[in-house]
1. Can you name the residue in the stretch 88-122 that is surrounded by 13 or more Cβ atoms within 10 Å (Cβ to Cβ) and part of a loop (DSSP other than H, G, I, E, B) and is also modelled with the lowest pLDDT among such residues?
2. Restricting to the stretch 11-29, count the residues that are surrounded by 15 or more Cβ atoms within 10 Å (Cβ to Cβ) and in contact with a strand residue (DSSP E or B) (Cβ under 6 Å, 6 or more places away or on another chain).
3. Counting just the residues of the stretch 31-46 that are over 29 Å from residue 79 (Cα atoms) and surrounded by 15 or more Cβ atoms within 10 Å (Cβ to Cβ), which one comes out farthest from the chain's Cα centre (by Cα)?
4. Which of the residues belonging to the stretch 62-77 are part of a strand (DSSP E or B), exposed (fewer than 14 other Cβ atoms within 10 Å of the Cβ) and either touching a residue at least 12 places away in the same chain (Cβ under 8 Å) or in contact with a helix residue (DSSP H, G or I) (Cβ under 8 Å, 6 or more places away or on another chain) (or both)?
5. Among (1) surrounded by fewer than 19 Cβ atoms within 10 Å (Cβ to Cβ); (2) part of a strand (DSSP E or B), where does residue 59 come up short?
6. Hey, can you tell me all the residues within the stretch 32-55 that are at pLDDT below 85 and farther than 25 Å from residue 104 by Cα?
7. Surrounded by fewer than 16 Cβ atoms within 10 Å (Cβ to Cβ) and part of a strand (DSSP E or B): is that true of residue 49 in this structure?
8. Within the stretch 1-18, which residues are assigned to a strand (DSSP E or B) and modelled with pLDDT under 85?
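The values are calculated or read from the model by the stated rules, or taken from the named source; none is laboratory data. All figures in this text were calculated on a predicted structure; none of them were measured in a lab. Here Cβ is always computed from backbone atoms with ideal geometry, including for glycine, and neighbour counts include all displayed protein chains.
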């Protein structure tokens, strides 16, 4: 079995978002040189009681016109404080993807969202500006 960090490219899709009620567009993730899959894994902080929020994934072929990926949305309940979530696109049909945090009512805090790009055409993944390139590997 291979090393996870050699077989996946890990990028920052959205950084910390303080409590708020406005929507936030994440970083555009370019999947050129990758294969067929991308997973967005996020961590939620505090969510105010009664909050209505979700995370959806959008795609683009030109990195400027964005459309929703059908079925790629996770609703976050106001009881989901301090939990993680994942949304995976099993077959990428477009070049660019991004996460969008939708905060409709009360405050929601987001710790971060990471994008794991799978099925790389070149291993290990090339250096990217959202990763320092260092990987600590240990046997345990």
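1. 120
2. Number satisfying all stated conditions: 10.
3. 34
4. 68, 75 - these are the residues of the stretch 62-77 that are part of a strand (DSSP E or B), exposed (fewer than 14 other Cβ atoms within 10 Å of the Cβ) and either touching a residue at least 12 places away in the same chain (Cβ under 8 Å) or in contact with a helix residue (DSSP H, G or I) (Cβ under 8 Å, 6 or more places away or on another chain) (or both).
5. Here residue 59 clears every test but (1).
6. 32, 33, 34, 35, 36
7. no
8. Listed by number, the residues that qualify are 9, 10.
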